[in-house]
Ligand SMILES: C[S@@+](CC[C@H](N)C(=O)[O-])C[C@H]1O[C@@H](n2cnc3c(N)ncnc32)[C@H](O)[C@@H]1O
Ligand code: SF4
(Lines give C-alpha, C1' and ligand atoms only; values in the text may rest on other atoms or scores of the structure.)
(Ligands and ions follow the chains in the order given, each with its own letter.)
Protein backbone atom coordinates (compact mmCIF):
# COMPACT_ATOMS: atom_id res chain seq x y z
CA UNK A 1 0.00 0.00 0.00
CA UNK A 2 1.67 3.27 -1.12
CA UNK A 3 2.63 5.96 1.41
CA UNK A 4 1.86 9.62 0.83
CA UNK A 5 3.02 12.53 2.90
CA UNK A 6 -0.36 14.26 2.52
CA UNK A 7 -2.91 13.62 5.23
CA UNK A 8 -5.98 14.97 3.46
CA UNK A 9 -6.74 11.76 1.58
CA UNK A 10 -9.53 9.50 2.77
CA UNK A 11 -8.49 6.62 5.03
CA UNK A 12 -8.14 3.32 3.17
CA UNK A 13 -10.62 0.55 3.97
CA UNK A 14 -9.50 -3.03 4.67
CA UNK A 15 -9.54 -3.99 0.96
CA UNK A 16 -7.01 -1.24 0.30
CA UNK A 17 -4.68 -2.34 3.09
CA UNK A 18 -4.05 -5.79 1.64
CA UNK A 19 -0.60 -6.64 0.31
CA UNK A 20 -0.09 -8.96 -2.65
CA UNK A 21 3.19 -10.11 -4.11
CA UNK A 22 4.29 -8.43 -7.36
CA UNK A 23 4.38 -11.88 -9.00
CA UNK A 24 0.73 -12.51 -8.14
CA UNK A 25 -0.40 -9.06 -9.30
CA UNK A 26 1.57 -9.25 -12.52
CA UNK A 27 0.06 -12.65 -13.31
CA UNK A 28 -3.47 -11.39 -12.55
CA UNK A 29 -3.05 -8.30 -14.75
CA UNK A 30 -1.74 -10.44 -17.59
CA UNK A 31 -4.55 -13.00 -17.20
CA UNK A 32 -7.14 -10.21 -17.18
CA UNK A 33 -5.55 -8.47 -20.16
CA UNK A 34 -8.91 -7.27 -21.45
CA UNK A 35 -9.53 -5.05 -18.42
CA UNK A 36 -6.12 -4.37 -16.87
CA UNK A 37 -5.28 -1.18 -18.75
CA UNK A 38 -5.27 2.62 -18.56
CA UNK A 39 -9.04 2.81 -17.91
CA UNK A 40 -8.64 2.99 -14.13
CA UNK A 41 -10.50 2.13 -11.92
CA UNK A 42 -11.98 -1.28 -12.64
CA UNK A 43 -15.48 -2.07 -11.38
CA UNK A 44 -15.83 1.27 -9.57
CA UNK A 45 -19.40 0.61 -8.43
CA UNK A 46 -17.97 -2.30 -6.42
CA UNK A 47 -14.34 -1.43 -5.66
CA UNK A 48 -14.93 2.26 -4.88
CA UNK A 49 -18.20 1.68 -3.02
CA UNK A 50 -16.81 2.28 0.50
CA UNK A 51 -15.68 5.76 -0.58
CA UNK A 52 -18.94 6.90 -2.19
CA UNK A 53 -20.38 10.09 -0.74
CA UNK A 54 -24.03 10.97 -0.42
CA UNK A 55 -25.37 13.78 -2.53
CA UNK A 56 -25.68 16.24 0.33
CA UNK A 57 -21.87 16.24 0.55
CA UNK A 58 -21.13 16.79 -3.14
CA UNK A 59 -20.80 20.56 -3.27
CA UNK A 60 -18.59 20.99 -0.22
CA UNK A 61 -16.44 18.00 -1.21
CA UNK A 62 -15.86 19.26 -4.75
CA UNK A 63 -14.99 22.69 -3.40
CA UNK A 64 -12.53 21.23 -0.88
CA UNK A 65 -11.03 18.77 -3.35
CA UNK A 66 -10.20 21.49 -5.89
CA UNK A 67 -9.23 24.10 -3.29
CA UNK A 68 -5.47 24.20 -3.96
CA UNK A 69 -5.65 23.61 -7.69
CA UNK A 70 -5.37 26.79 -9.74
CA UNK A 71 -4.47 24.86 -12.91
CA UNK A 72 -6.83 22.34 -14.42
CA UNK A 73 -7.83 20.73 -17.70
CA UNK A 74 -11.33 20.58 -19.07
CA UNK A 75 -13.31 17.90 -20.88
CA UNK A 76 -16.75 18.47 -22.44
CA UNK A 77 -18.76 15.42 -23.38
CA UNK A 78 -21.11 15.57 -26.36
CA UNK A 79 -23.06 12.27 -26.25
CA UNK A 80 -24.65 12.29 -29.72
CA UNK A 81 -23.75 10.11 -32.72
CA UNK A 82 -25.42 9.49 -36.08
CA UNK A 83 -25.38 5.77 -35.36
CA UNK A 84 -24.16 3.71 -32.48
CA UNK A 85 -21.10 1.56 -33.33
CA UNK A 86 -21.32 -1.88 -31.73
CA UNK A 87 -17.81 -1.67 -30.29
CA UNK A 88 -18.27 1.69 -28.58
CA UNK A 89 -17.60 1.96 -24.86
CA UNK A 90 -18.55 5.61 -24.47
CA UNK A 91 -21.64 7.33 -23.09
CA UNK A 92 -23.76 7.90 -26.18
CA UNK A 93 -27.53 8.44 -26.15
CA UNK A 94 -30.06 6.51 -28.24
CA UNK A 95 -31.84 7.63 -31.40
CA UNK A 96 -34.87 8.98 -29.54
CA UNK A 97 -32.71 11.70 -27.92
CA UNK A 98 -30.83 12.89 -30.99
CA UNK A 99 -33.16 15.87 -31.38
CA UNK A 100 -32.26 17.23 -27.98
CA UNK A 101 -28.91 18.80 -28.83
CA UNK A 102 -30.15 22.33 -28.05
CA UNK A 103 -31.43 21.41 -24.57
CA UNK A 104 -28.27 19.49 -23.89
CA UNK A 105 -25.87 22.24 -24.93
CA UNK A 106 -27.81 24.76 -22.83
CA UNK A 107 -27.43 22.44 -19.84
CA UNK A 108 -23.72 21.97 -20.58
CA UNK A 109 -23.23 25.74 -20.60
CA UNK A 110 -25.10 25.99 -17.33
CA UNK A 111 -22.92 23.27 -15.79
CA UNK A 112 -19.82 25.23 -16.89
CA UNK A 113 -21.14 28.30 -15.05
CA UNK A 114 -22.04 26.27 -11.97
CA UNK A 115 -18.45 25.04 -11.63
CA UNK A 116 -17.01 28.49 -12.27
CA UNK A 117 -19.24 29.89 -9.51
CA UNK A 118 -18.32 27.10 -7.11
CA UNK A 119 -14.57 26.95 -7.74
CA UNK A 120 -13.77 30.57 -8.51
CA UNK A 121 -10.94 31.59 -10.85
CA UNK A 122 -9.08 28.71 -12.52
CA UNK A 123 -6.65 28.52 -15.43
CA UNK A 124 -7.26 25.93 -18.12
CA UNK A 125 -4.28 24.22 -19.77
CA UNK A 126 -6.05 22.01 -22.24
CA UNK A 127 -9.56 21.23 -23.34
CA UNK A 128 -10.93 18.21 -25.17
CA UNK A 129 -14.35 18.41 -26.73
CA UNK A 130 -15.12 14.72 -27.01
CA UNK A 131 -17.95 12.28 -27.12
CA UNK A 132 -19.76 10.72 -28.70
CA UNK A 133 -19.40 12.85 -31.74
CA UNK A 134 -18.96 16.52 -30.86
CA UNK A 135 -19.29 17.39 -34.54
CA UNK A 136 -22.84 16.03 -34.56
CA UNK A 137 -24.57 19.21 -33.23
CA UNK A 138 -24.52 22.43 -35.26
CA UNK A 139 -21.15 24.22 -35.18
CA UNK A 140 -22.77 27.31 -33.62
CA UNK A 141 -23.49 25.28 -30.49
CA UNK A 142 -19.80 24.47 -30.11
CA UNK A 143 -18.87 28.13 -30.72
CA UNK A 144 -21.34 29.18 -28.05
CA UNK A 145 -19.93 26.62 -25.59
CA UNK A 146 -16.39 27.85 -26.26
CA UNK A 147 -17.62 31.38 -25.56
CA UNK A 148 -19.14 30.33 -22.23
CA UNK A 149 -16.01 28.47 -21.15
CA UNK A 150 -13.75 31.40 -22.03
CA UNK A 151 -16.01 33.83 -20.18
CA UNK A 152 -15.77 31.71 -17.07
CA UNK A 153 -12.18 30.48 -17.01
CA UNK A 154 -8.76 31.94 -17.71
CA UNK A 155 -6.51 30.08 -20.14
CA UNK A 156 -2.75 29.47 -19.99
CA UNK A 157 -0.43 30.57 -22.83
CA UNK A 158 -0.12 26.94 -23.97
CA UNK A 159 -3.87 26.28 -23.75
CA UNK A 160 -5.23 24.43 -26.78
CA UNK A 161 -8.56 22.88 -27.76
CA UNK A 162 -9.00 19.52 -29.48
CA UNK A 163 -12.18 18.12 -31.05
CA UNK A 164 -13.30 14.79 -32.54
CA UNK A 165 -15.14 14.05 -35.73
CA UNK A 166 -16.21 11.08 -37.81
CA UNK A 167 -15.14 10.63 -41.45
CA UNK A 168 -18.74 10.98 -42.62
CA UNK A 169 -19.26 14.36 -40.97
CA UNK A 170 -15.86 15.70 -42.01
CA UNK A 171 -16.54 14.62 -45.58
CA UNK A 172 -20.14 15.80 -45.89
CA UNK A 173 -20.01 18.97 -43.77
CA UNK A 174 -16.81 20.88 -44.66
CA UNK A 175 -18.25 24.15 -43.35
CA UNK A 176 -18.35 22.69 -39.88
CA UNK A 177 -14.70 21.70 -40.03
CA UNK A 178 -13.80 25.16 -41.28
CA UNK A 179 -15.82 26.74 -38.49
CA UNK A 180 -13.94 24.76 -35.83
CA UNK A 181 -10.61 26.09 -37.03
CA UNK A 182 -12.03 29.63 -37.05
CA UNK A 183 -13.17 29.14 -33.45
CA UNK A 184 -9.51 28.54 -32.56
CA UNK A 185 -9.65 24.74 -32.25
CA UNK A 186 -6.13 23.52 -33.07
CA UNK A 187 -6.29 19.77 -33.15
CA UNK A 188 -8.82 17.44 -34.74
CA UNK A 189 -9.10 13.69 -34.40
CA UNK A 190 -11.01 11.45 -36.77
CA UNK A 191 -12.01 7.83 -36.15
CA UNK A 192 -11.02 5.58 -39.02
CA UNK A 193 -10.97 2.50 -36.71
CA UNK A 194 -10.75 -0.25 -39.38
CA UNK A 195 -11.13 -0.37 -43.14
CA UNK A 196 -12.13 -4.01 -43.85
CA UNK A 197 -15.66 -3.55 -45.33
CA UNK A 198 -17.28 -6.65 -43.81
CA UNK A 199 -15.78 -5.83 -40.40
CA UNK A 200 -17.03 -2.24 -40.61
CA UNK A 201 -20.48 -3.64 -41.33
CA UNK A 202 -20.30 -6.19 -38.52
CA UNK A 203 -19.32 -3.35 -36.16
CA UNK A 204 -22.22 -1.14 -37.22
CA UNK A 205 -19.75 1.40 -38.63
CA UNK A 206 -20.22 1.00 -42.40
CA UNK A 207 -21.60 4.53 -42.84
CA UNK A 208 -18.06 5.77 -42.07
CA UNK A 209 -16.29 3.73 -44.73
CA UNK A 210 -13.42 4.46 -47.07
CA UNK A 211 -15.45 6.57 -49.49
CA UNK A 212 -15.44 9.40 -46.92
CA UNK A 213 -11.83 9.26 -45.77
CA UNK A 214 -10.01 11.14 -48.54
CA UNK A 215 -12.57 13.93 -48.81
CA UNK A 216 -12.69 14.24 -45.01
CA UNK A 217 -8.91 14.57 -44.92
CA UNK A 218 -8.94 17.20 -47.67
CA UNK A 219 -11.50 19.24 -45.75
CA UNK A 220 -9.53 19.02 -42.52
CA UNK A 221 -6.33 20.18 -44.24
CA UNK A 222 -8.14 22.88 -46.25
CA UNK A 223 -9.55 24.26 -43.00
CA UNK A 224 -5.95 24.74 -41.84
CA UNK A 225 -5.59 21.98 -39.24
CA UNK A 226 -1.91 21.17 -38.67
CA UNK A 227 -2.57 18.79 -35.80
CA UNK A 228 -4.55 16.01 -37.37
CA UNK A 229 -4.92 12.62 -35.69
CA UNK A 230 -6.49 9.37 -36.88
CA UNK A 231 -7.81 6.74 -34.46
CA UNK A 232 -7.36 3.09 -35.44
CA UNK A 233 -8.58 0.02 -33.57
CA UNK A 234 -7.18 -3.48 -33.23
CA UNK A 235 -7.98 -6.57 -31.21
CA UNK A 236 -11.24 -7.48 -32.93
CA UNK A 237 -12.15 -11.15 -33.16
CA UNK A 238 -12.62 -11.06 -36.93
CA UNK A 239 -9.65 -8.88 -37.77
CA UNK A 240 -6.81 -10.81 -39.39
CA UNK A 241 -3.22 -9.61 -39.38
CA UNK A 242 -3.58 -8.82 -43.10
CA UNK A 243 -6.74 -6.83 -42.54
CA UNK A 244 -4.94 -4.82 -39.83
CA UNK A 245 -2.00 -4.22 -42.18
CA UNK A 246 -4.41 -2.90 -44.81
CA UNK A 247 -5.97 -0.52 -42.26
CA UNK A 248 -2.55 0.80 -41.30
CA UNK A 249 -1.48 1.21 -44.94
CA UNK A 250 -4.64 3.14 -45.64
CA UNK A 251 -4.19 5.38 -42.59
CA UNK A 252 -0.57 6.14 -43.56
CA UNK A 253 -1.74 7.05 -47.06
CA UNK A 254 -4.09 9.65 -45.57
CA UNK A 255 -0.92 11.28 -44.23
CA UNK A 256 -2.09 12.47 -40.78
CA UNK A 257 0.32 14.07 -38.31
CA UNK A 258 -0.51 11.49 -35.66
CA UNK A 259 -2.02 8.03 -35.49
CA UNK A 260 -3.49 6.73 -32.23
CA UNK A 261 -3.99 3.01 -31.73
CA UNK A 262 -6.78 1.73 -29.51
CA UNK A 263 -6.83 -1.87 -28.47
CA UNK A 264 -10.49 -2.93 -28.32
CA UNK A 265 -11.89 -2.91 -24.77
CA UNK A 266 -14.89 -5.20 -24.62
CA UNK A 267 -16.31 -4.39 -21.21
CA UNK A 268 -19.99 -3.43 -21.44
CA UNK A 269 -20.01 -3.13 -25.22
CA UNK A 270 -22.51 -4.79 -27.54
CA UNK A 271 -19.82 -7.22 -28.70
CA UNK A 272 -18.45 -8.13 -25.28
CA UNK A 273 -19.23 -11.80 -25.99
CA UNK A 274 -16.44 -11.79 -28.62
CA UNK A 275 -13.69 -11.01 -26.13
CA UNK A 276 -12.79 -14.62 -25.41
CA UNK A 277 -11.91 -15.09 -29.07
CA UNK A 278 -9.20 -12.45 -28.77
CA UNK A 279 -6.06 -13.75 -27.12
CA UNK A 280 -3.22 -11.71 -25.71
CA UNK A 281 -0.97 -13.11 -28.43
CA UNK A 282 -3.29 -11.75 -31.14
CA UNK A 283 -3.28 -8.32 -29.54
CA UNK A 284 0.50 -8.42 -29.22
CA UNK A 285 0.89 -9.35 -32.85
CA UNK A 286 -1.34 -6.46 -33.94
CA UNK A 287 0.63 -4.02 -31.78
CA UNK A 288 3.91 -5.30 -33.24
CA UNK A 289 2.70 -4.98 -36.84
CA UNK A 290 1.53 -1.43 -36.15
CA UNK A 291 4.82 -0.42 -34.62
CA UNK A 292 6.86 -1.77 -37.52
CA UNK A 293 4.68 -0.17 -40.17
CA UNK A 294 4.34 3.18 -38.44
CA UNK A 295 8.06 3.44 -37.72
CA UNK A 296 8.83 2.60 -41.34
CA UNK A 297 6.46 5.40 -42.38
CA UNK A 298 8.20 7.97 -40.17
CA UNK A 299 5.91 7.94 -37.12
CA UNK A 300 7.49 7.51 -33.69
CA UNK A 301 6.41 6.51 -30.19
CA UNK A 302 8.34 5.15 -27.20
CA UNK A 303 7.44 1.64 -26.00
CA UNK A 304 3.89 1.42 -24.63
CA UNK A 305 2.76 4.75 -26.11
CA UNK A 306 -0.21 4.48 -28.42
CA UNK A 307 -0.12 7.85 -30.11
CA UNK A 308 2.48 7.86 -32.88
CA UNK A 309 3.65 11.26 -34.02
CA UNK A 310 5.67 12.18 -37.09
CA UNK A 311 6.46 15.63 -35.69
CA UNK A 312 9.66 15.77 -33.69
CA UNK A 313 9.11 16.99 -30.13
CA UNK A 314 5.31 16.81 -30.44
CA UNK A 315 3.63 14.15 -28.28
CA UNK A 316 0.74 13.97 -30.77
CA UNK A 317 -1.86 14.00 -28.02
CA UNK A 318 -4.12 16.92 -27.16
CA UNK A 319 -2.93 19.51 -24.62
CA UNK A 320 -5.63 18.12 -22.30
CA UNK A 321 -4.31 14.56 -22.46
CA UNK A 322 -0.63 15.55 -22.41
CA UNK A 323 -1.10 17.47 -19.15
CA UNK A 324 -3.07 14.64 -17.62
CA UNK A 325 -0.54 12.02 -18.64
CA UNK A 326 2.68 13.77 -17.66
CA UNK A 327 1.64 15.83 -14.66
CA UNK A 328 -1.51 14.07 -13.53
CA UNK A 329 -3.19 17.44 -13.87
CA UNK A 330 -6.69 17.43 -12.36
CA UNK A 331 -9.54 17.77 -14.80
CA UNK A 332 -13.14 18.81 -14.71
CA UNK A 333 -15.42 16.67 -16.85
CA UNK A 334 -18.58 18.39 -18.03
CA UNK A 335 -21.61 16.69 -19.56
CA UNK A 336 -23.37 13.37 -19.54
CA UNK A 337 -21.49 10.66 -17.66
CA UNK A 338 -18.23 12.65 -17.75
CA UNK A 339 -15.46 11.72 -15.33
CA UNK A 340 -13.80 14.32 -13.09
CA UNK A 341 -10.44 13.85 -11.37
CA UNK A 342 -9.58 16.26 -8.56
CA UNK A 343 -6.51 15.86 -6.32
CA UNK A 344 -8.65 13.92 -3.80
CA UNK A 345 -11.67 12.53 -5.63
CA UNK A 346 -12.94 10.82 -8.75
CA UNK A 347 -16.50 11.45 -9.90
CA UNK A 348 -18.85 10.30 -12.65
CA UNK A 349 -21.56 12.59 -13.87
CA UNK A 350 -25.25 11.75 -14.04
CA UNK A 351 -26.24 9.58 -16.97
CA UNK A 352 -23.08 7.43 -16.83
CA UNK A 353 -25.16 4.41 -15.86
CA UNK A 354 -28.34 4.70 -17.95
CA UNK A 355 -26.84 6.53 -20.96
CA UNK A 356 -29.88 8.78 -21.28
CA UNK A 357 -30.14 12.53 -20.90
CA UNK A 358 -32.93 12.79 -18.32
CA UNK A 359 -30.99 12.51 -15.03
CA UNK A 360 -28.39 14.99 -16.23
CA UNK A 361 -30.91 17.54 -17.54
CA UNK A 362 -33.00 17.14 -14.38
CA UNK A 363 -30.05 17.89 -12.10
CA UNK A 364 -29.06 20.97 -14.07
CA UNK A 365 -32.66 22.13 -14.06
CA UNK A 366 -32.74 21.86 -10.28
CA UNK A 367 -29.45 23.76 -10.01
CA UNK A 368 -27.53 20.89 -8.44
CA UNK A 369 -24.18 19.51 -9.57
CA UNK A 370 -25.02 16.67 -11.99
CA UNK A 371 -22.90 14.06 -10.22
CA UNK A 372 -23.98 10.42 -10.12
CA UNK A 373 -21.06 9.01 -8.09
CA UNK A 374 -18.52 10.98 -6.10
CA UNK A 375 -15.73 9.02 -4.45
CA UNK A 376 -13.49 10.56 -1.77
CA UNK A 377 -10.44 8.35 -2.13
CA UNK A 378 -7.30 7.26 -0.29
CA UNK A 379 -3.86 8.07 -1.67
CA UNK A 380 -3.49 4.56 -3.12
CA UNK A 381 -6.30 5.19 -5.60
CA UNK A 382 -5.33 8.76 -6.47
CA UNK A 383 -1.77 7.60 -7.18
CA UNK A 384 -2.97 4.60 -9.14
CA UNK A 385 -5.16 6.81 -11.29
CA UNK A 386 -2.29 9.18 -12.05
CA UNK A 387 -0.01 6.27 -12.94
CA UNK A 388 -2.63 4.45 -15.02
CA UNK A 389 -3.06 7.60 -17.09
CA UNK A 390 0.76 7.96 -17.33
CA UNK A 391 0.81 4.58 -19.03
CA UNK A 392 -0.80 6.23 -22.08
CA UNK A 393 2.80 7.31 -22.70
CA UNK A 394 4.32 4.14 -21.25
CA UNK A 395 6.21 6.11 -18.60
CA UNK A 396 5.80 7.72 -15.20
CA UNK A 397 7.34 11.16 -14.74
CA UNK A 398 9.21 10.99 -11.43
CA UNK A 399 9.25 14.72 -10.63
CA UNK A 400 5.55 15.11 -11.42
CA UNK A 401 4.68 12.18 -9.16
CA UNK A 402 6.75 13.58 -6.31
CA UNK A 403 5.31 17.07 -6.72
CA UNK A 404 1.80 15.72 -6.63
CA UNK A 405 2.09 13.30 -3.71
CA UNK A 406 5.09 14.54 -1.69
CA UNK A 407 6.77 11.14 -1.88
CA UNK A 408 9.04 9.51 -4.45
CA UNK A 409 7.69 6.80 -6.70
CA UNK A 410 10.36 4.46 -5.35
CA UNK A 411 9.23 5.05 -1.75
CA UNK A 412 5.54 4.77 -2.56
CA UNK A 413 5.91 1.61 -4.64
CA UNK A 414 9.16 -0.04 -3.54
CA UNK A 415 8.25 -3.70 -4.33
CA UNK A 416 6.59 -2.82 -7.66
CA UNK A 417 9.51 -0.66 -8.84
CA UNK A 418 12.07 -3.29 -7.81
CA UNK A 419 10.10 -5.99 -9.61
CA UNK A 420 9.76 -4.02 -12.86
CA UNK A 421 13.51 -3.22 -12.86
CA UNK A 422 14.58 -6.75 -11.99
CA UNK A 423 12.32 -8.28 -14.65
CA UNK A 424 13.42 -5.80 -17.33
CA UNK A 425 9.88 -4.44 -17.67
CA UNK A 426 10.79 -0.83 -16.89
CA UNK A 427 13.94 1.28 -16.82
CA UNK A 428 14.93 4.88 -16.15
CA UNK A 429 14.93 7.26 -19.12
CA UNK A 430 15.22 10.98 -19.82
CA UNK A 431 11.89 11.47 -21.51
CA UNK A 432 11.31 13.83 -24.40
CA UNK A 433 7.53 13.64 -24.08
CA UNK A 434 6.18 17.00 -22.96
CA UNK A 435 9.57 18.65 -22.62
CA UNK A 436 7.71 21.98 -22.95
CA UNK A 437 6.09 21.41 -19.55
CA UNK A 438 7.96 23.05 -16.67
CA UNK A 439 9.04 20.31 -14.25
CA UNK A 440 12.06 19.83 -11.97
CA UNK A 441 13.32 17.26 -14.43
CA UNK A 442 11.97 14.94 -17.07
CA UNK A 443 13.31 11.62 -15.86
CA UNK A 444 10.80 8.82 -16.08
CA UNK A 445 10.38 5.22 -15.10
CA UNK A 446 9.49 3.90 -18.55
CA UNK A 447 8.37 0.67 -20.12
CA UNK A 448 10.99 -1.34 -21.98
CA UNK A 449 9.96 -3.25 -25.10
CA UNK A 450 9.41 -6.25 -22.84
CA UNK A 451 7.31 -4.11 -20.49
CA UNK A 452 5.19 -2.87 -23.40
CA UNK A 453 4.59 -6.50 -24.45
CA UNK A 454 3.52 -7.14 -20.86
CA UNK A 455 1.57 -3.92 -20.50
CA UNK A 456 -1.42 -5.41 -18.66
CA UNK A 457 0.62 -7.16 -16.00
CA UNK A 458 2.98 -4.23 -15.48
CA UNK A 459 0.31 -1.54 -15.09
CA UNK A 460 -1.53 -3.66 -12.48
CA UNK A 461 1.52 -3.44 -10.19
CA UNK A 462 0.58 0.21 -9.56
CA UNK A 463 -3.16 -0.29 -8.98
CA UNK A 464 -4.59 0.09 -5.47
CA UNK A 465 -4.89 -3.15 -3.46
CA UNK A 466 -8.69 -3.40 -3.83
CA UNK A 467 -8.37 -3.35 -7.62
CA UNK A 468 -5.46 -5.79 -7.54
CA UNK A 469 -7.56 -8.07 -5.32
CA UNK A 470 -10.41 -7.81 -7.80
CA UNK A 471 -8.11 -8.87 -10.65
CA UNK A 472 -6.64 -11.71 -8.61
CA UNK A 473 -10.14 -13.06 -7.98
CA UNK A 474 -11.06 -13.01 -11.68
CA UNK A 475 -10.46 -16.33 -13.29
CA UNK A 476 -10.98 -15.49 -16.89
CA UNK A 477 -10.11 -12.65 -19.24
CA UNK A 478 -12.47 -10.42 -17.28
CA UNK A 479 -13.93 -8.92 -20.42
CA UNK A 480 -17.44 -9.04 -19.03
CA UNK A 481 -16.61 -8.00 -15.53
CA UNK A 482 -18.76 -5.20 -14.16
CA UNK A 483 -17.79 -1.59 -14.65
C1 LIG B 1 -15.02 9.17 -28.34
S2 LIG B 1 -14.49 7.96 -29.40
C3 LIG B 1 -14.95 8.49 -30.99
C4 LIG B 1 -14.85 9.61 -31.81
C5 LIG B 1 -15.81 9.65 -33.00
N6 LIG B 1 -17.14 9.56 -32.53
C7 LIG B 1 -15.55 8.52 -33.98
O8 LIG B 1 -16.21 7.50 -33.88
O9 LIG B 1 -14.75 8.69 -34.86
C10 LIG B 1 -12.76 8.03 -29.44
C11 LIG B 1 -12.09 6.75 -29.88
O12 LIG B 1 -12.22 5.72 -28.94
C13 LIG B 1 -12.00 4.48 -29.57
N14 LIG B 1 -12.93 3.49 -29.01
C15 LIG B 1 -14.28 3.48 -29.07
N16 LIG B 1 -14.78 2.40 -28.43
C17 LIG B 1 -13.71 1.72 -27.94
C18 LIG B 1 -13.56 0.51 -27.19
N19 LIG B 1 -14.60 -0.22 -26.83
N20 LIG B 1 -12.30 0.13 -26.88
C21 LIG B 1 -11.22 0.85 -27.25
N22 LIG B 1 -11.31 1.98 -27.95
C23 LIG B 1 -12.53 2.42 -28.29
C24 LIG B 1 -12.19 4.70 -31.06
O25 LIG B 1 -10.97 4.55 -31.73
C26 LIG B 1 -12.66 6.13 -31.14
O27 LIG B 1 -12.25 6.79 -32.28
S1 SF4 C 1 -17.19 5.16 -31.93
FE2 SF4 C 1 -17.69 7.32 -32.22
S3 SF4 C 1 -19.42 7.34 -33.68
FE4 SF4 C 1 -19.25 5.27 -32.92
S5 SF4 C 1 -20.74 5.22 -31.25
FE6 SF4 C 1 -18.71 5.63 -30.35
S7 SF4 C 1 -18.56 7.80 -30.20
FE8 SF4 C 1 -20.26 7.34 -31.61
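One residue is enough: does segment 42-65 have a residue meeting the conditions surrounded by 21 or more Cβ atoms within 10 Å (Cβ to Cβ), within 16 Å of ligand 1 (Cβ to nearest atom) and closer than 27 Å to residue 371 by Cβ? Yes, there is a match, as at least one residue in segment 42-65 is surrounded by 21 or more Cβ atoms within 10 Å (Cβ to Cβ), within 16 Å of ligand 1 (Cβ to nearest atom) and closer than 27 Å to residue 371 by Cβ. Is it the case that residue 246 is assigned to a helix (DSSP H, G or I) and either within 11 Å of ligand 1 (Cβ to nearest atom) or at pLDDT below 95 (or both)? Considered against the rule, which asks whether it is assigned to a helix (DSSP H, G or I) and either within 11 Å of ligand 1 (Cβ to nearest atom) or at pLDDT below 95 (or both), residue 246 comes out as no.
Residues in segment 296-352 that are part of a strand (DSSP E or B) and assigned by TED's automatic domain parsing to the domain that holds residue 102 were compared, and the one that is farthest from the chain's Cα centre (by Cα) is 300. The strands (runs of 3 or more DSSP E) found wholly in segment 378-483 and carrying at least 2 residues that are in contact (Cβ under 8 Å) with a residue 40 or more places away in the chain and not assigned by TED's automatic domain parsing to the domain that holds residue 289 occupy 395-397, 443-447. Checked against the criteria, residue 424 does not count as in contact with a strand residue (DSSP E or B) (Cβ under 8 Å, 6 or more places away or on another chain) and at positive phi. You will find that of 333, 313, 337, the residue that is within 16 Å of ligand 2 (Cβ to nearest atom), farther than 26 Å from residue 33 by Cα and touching a residue at least 24 places away in the same chain (Cβ under 8 Å) is 333 and no other.
The values are calculated or read from the model by the stated rules, or taken from the named source; none is laboratory data. Note that the structure is a prediction, hence the values are computed from the model and not measured. Reconstructed Cβ throughout: ideal geometry from the backbone, glycine too, with neighbour counts over all protein chains shown.
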